[in-house]
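What follows is one structure encoded as C-alpha cells, with my remarks underneath.
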Amino acid sequence: MYFKNRAIAGKKLADRMLKYQKDPVAVVALSEGSVIVAAQVAMRLHGSLSILLTEDIFLPGEHEPIAAITSAGTFTKNRMFSVGQLEELLMDYRNFVEEQRLQSFHHLNMLMSHEGEIKKEYLRRHVVILVSDGLVNGFSLDVAYDYLKTIAIKKLVVATPVASVKAVDRMHLVADDIYCLDVKPNYISTDHYYDDNFIPQQEKMYKIMERISVNWKVESVR
C-alpha cells in the first residue's frame, strides 16, 4: 500500500480508531514526519497532540543507534543488539556514550521551550496513542515505552500507516491495541511509501500541535 501523503494516511488510520472517540485521548507523535499523521488522529478523536523528543546515540562506524535518550532523560538501549553486544560496546565506549548522552540531553532541553513538547500531565489516565509515519523496526516504540512506563496511563495504542514485520512484532509486545494499514516483509524506507514527502518546518509543526483543538472534527463527539 502506498499513500499520496501523510495527511491522507492519517485520515485512513483515524477512520479505524473511532471506538476511542469517547475516551480521554492523548496522541503522541514519534517523529516530526509523524506529526502530520498524528494530527489527523488527534482531530478525529478530540485528543491532545504532542511529540516525544528523542535523539539517537550512534557509536563510531555503526549504522544502527546503540541507544536513544528522551528530553526527560530516559535512556533506552537498542534491543536490535544482543545483550552481550550491548554490554561489550557500552563498556568499550563508556566515556563516548556518556558524552553523547549529555550532549543530546542538553540539546533536547534546548528544544523544550516549544509548545507541543510532551507533558506527562496530559498523559495520565488517558488512552495514549503513539503514532508513527512508518516503523522500520521497534526501537522508537521501546524508547516511548520506557518513557511511559512510569506514568499511570489508561491504555497504550500504537498506530502507523506502514511497518515492517519486525516492528509489528514489537507493537504486539508493548501495546494494548495496534493499528497498522500495511505490513511490509521487505521494508525499504518510510519516504518510499508516500508520493509526497513534504514535511512542514519545525515552527509550523509546533503551531499545528498548539492549535489542534481548534481543528477537532465536529463529528467526533464525546
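The values are calculated or read from the model by the stated rules, or taken from the named source; none is laboratory data. Keep in mind the model is a prediction, meaning the values are calculated, not measured. Note: ideal-geometry Cβ built from the backbone for every residue, glycine included; neighbour counts use all protein chains shown.
General remarks:
Conditions tested, residue by residue: (1) within 22 Å of LYS154 (Cβ to Cβ); (2) among the small types (Gly, Ala, Ser).
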| position | (1), (2) |
| --- | --- |
| ALA14 | yes, yes |
| VAL25 | yes, no |
| ALA29 | yes, yes |
| VAL41 | yes, no |
| SER50 | yes, yes |
| GLY73 | no, yes |
| ASN78 | no, no |
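Table: residues versus (1) in contact with a strand residue (DSSP E or B) (Cβ under 7 Å, 6 or more places away or on another chain); (2) surrounded by fewer than 19 Cβ atoms within 10 Å (Cβ to Cβ); (3) in the same structural domain as PHE75 (by TED's automatic domain parsing); (4) aromatic (Phe, Trp, Tyr).
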position	(1), (2), (3), (4)
LEU13	yes, no, no, no
LYS22	no, yes, no, no
MET43	no, no, no, no
SER48	yes, no, no, no
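- Output for segment 6-37, where each listed residue is part of a loop (DSSP other than H, G, I, E, B), over 28 Å from LEU108 (Cα atoms) and more than 18 Å from the chain's Cα centre (by Cα): ARG16, GLN21, LYS22, ASP23
- Residue within segment 188-206 that is part of a helix (DSSP H, G or I), surrounded by 16 or more Cβ atoms within 10 Å (Cβ to Cβ) and at pLDDT below 80 present: yes
- Residue within segment 187-196 that is touching a Leu at 6+ places or on another chain (Cβ under 6 Å) and either in contact (Cβ under 8 Å) with a residue 40 or more places away in the chain or closer than 19 Å to VAL41 by Cβ (or both) present: no
- Of the residues making up segment 1-60, those that are of a type in the set (D, E, K, R) and more than 23 Å from LYS149 (Cα to Cα) are LYS4, ARG6, LYS11, LYS12, ASP15, ARG16, LYS19, LYS22, ARG44.
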